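What follows is calculated from the coordinates using simple rules that are stated; it is not laboratory data. Please read these numbers as outputs of a predicted model, since none were measured by experiment. Cβ: placed from backbone, ideal geometry, glycine included. Neighbour counts: every protein chain shown.
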Amino acid sequence: MSALRDEIRNILREEIAALRSEIAPARAPEAVQISGSADLDRFARDLLMRAQSDPEFAAAVTSGAQRFELSGGMPAPANTYAPRPVVHHTPAQHSTAQPPRTKAAELTKTLVTERDIDALDSSAKVLRVPKQCRLTPLANDEARRRGIKIERFAT
């Protein structure tokens, strides 16, 4: 059984290497400092000007290959999930309490392997990946074994 597993891993390594050679290298995220509305307006104008003069840049922004990250100024939120308060109602009222959200992990890689799934927090029950992302068969098996649901999002 372990010989079969080793052979599968070797085949997957070869396939992964071939896929990586086909995939264009990801652009490094650009640091953007936005500390107010004026900075945001300036950034939007600069972005439009660059997109008009450089079609490759425009395509990278549109496809999500070009990313931006905040530096200085207003800090990015550490956690975008805020638990909703539980609302208790009397039996005469209908319940509007939201079900608790499960903890979601997000990977922006184009290829997810078994090691990536192993590296996820043990409490992760949802893995969000880009639509064009591929999962190896072993990664799918490990996610299924751990009860992790795969959600795809548009980039």
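List the residues whose amide H sits under 5 Å from the amide H of residue 128, counting only those 5 or more places along or on another chain, with H placed 1.01 Å from N in the peptide plane.
Those lying under 5 Å, H to H, from residue 128 are 105, 106, 107, 151.
Between residue 69 and residue 5, what length comes free when the chain is fully extended (0.36 nm per residue of separation minus the Cα-Cα distance, one decimal in nm)?
This chain segment gains 19.0 nm when fully extended.
Can you tell me the length gained on complete extension of the stretch residue 141 to residue 44, counting 0.36 nm per residue apart and subtracting the Cα distance?
Details: separation 97, 0.36 × 97 = 34.92 nm, distance 4.29 nm.
Full-extension gain reported as 30.6 nm.
Determine, for each peptide in 59-66, 40-47, 136-143, the mean count of other beta carbons within 10 angstrom over its residues, then list the peptides with the highest first. Could the numbers behind the result be given before it?
On the way: 59-66: 14.8, 40-47: 12.5, 136-143: 17.4.
Per-residue mean Cβ counts within 10 Å order the peptides as 136-143, 59-66, 40-47.
Given R₀ = 35 Å, FRET efficiency for residue 33-residue 151 by Cβ-Cβ distance, to 0.05?
Details: r = 32 Å, r/R0 = 0.91.
It comes to 0.65.
Once amide H atoms are built 1.01 Å from N in the peptide plane, which residues 5 or more positions from residue 111, or in another chain, come under 5 Å H to H?
134
Name the long-range amide H neighbours of residue 32: under 5 Å, sequence gap of 5 or more, or other chain; modelled H, no Pro or chain starts.
Placed amide hydrogens put 69, 70, 71 under 5 Å from residue 32.
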